[in-house]
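One structure is given below, encoded as structure tokens.
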Amino acid sequence: MSGLSTHILDLTGGRPAAEVRLRLFTPAGGAPIEAVTDADGRAKLVDLAALTGGAYRLEFEIGAYFRATGAALAEPGFLETVVIAFNLPPQPGHHHVPLLVSPFGYSTYRGS
């Protein structure tokens, strides 16, 4: 799919993070786009034709994911919602925003 997508990898289990709820806030405002990652930890968020430049915000419900997997967590858990705020150029092409996550930290980068 061309447009905007994400992929979450659970570093503690060495596997995709399936069934993670997430929200995407777009430059247009309004209600966020809500999605859930598939069995491969992926979510397709915006088709290329609808993708515009501007400020975006992705919110991943990571605390709920790790509790559902039975991961050993501190109480309260360190991470609850991971937020990635990023900008796209005025005429964006395909953008992919991966998230590498554990119960105690995360990393992201501009994927392809």
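Structure values in brief
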{"item": "Members of the range 1-50 found to be in a loop (DSSP other than H, G, I, E, B) and within 16 Å of Ala85 (Cα to Cα), listed by number", "result": "Thr26, Pro27, Ala28, Gly29, Pro32"}
{"item": "Asp40 under 21 Å from Glu19 (Cβ atoms) and either at pLDDT 95 or above or not basic (Lys, Arg) (or both)", "result": "yes"}
{"item": "Any hit, the range 88-95, residues being in contact (Cβ under 8 Å) with a residue 12 or more places away in the chain and closer than 17 Å to His7 by Cβ", "result": "yes"}
{"item": "One residue from Glu75, Glu80, Glu34 being surrounded by fewer than 17 Cβ atoms within 10 Å (Cβ to Cβ) and modelled with pLDDT under 95", "result": "Glu75"}
{"item": "Filtered residues of the range 51-91 (kept if in contact with a Ser or Thr (Cβ under 7 Å, 6 or more places away or on another chain) and farther than 14 Å from Leu22 by Cβ)", "result": "Ala71"}
{"item": "The range 14-31: number of residues that are exposed (fewer than 12 other Cβ atoms within 10 Å of the Cβ) and touching a residue at least 12 places away in the same chain (Cβ under 8 Å)", "result": "1"}
{"item": "Selected residue [buried (at least 17 other Cβ atoms within 10 Å of the Cβ), over 21 Å from Arg110 (Cβ atoms) and touching a Leu at 6+ places or on another chain (Cβ under 9 Å)] from Gly41, Gly3, Gly63", "result": "Gly63"}
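The values are calculated or read from the model by the stated rules, or taken from the named source; none is laboratory data. Only a predicted model underlies this, so the values are computations on that prediction, with no experimental measurement involved. Counting neighbours? That spans all protein chains shown, and the Cβs are built from the backbone with ideal geometry, glycine included.
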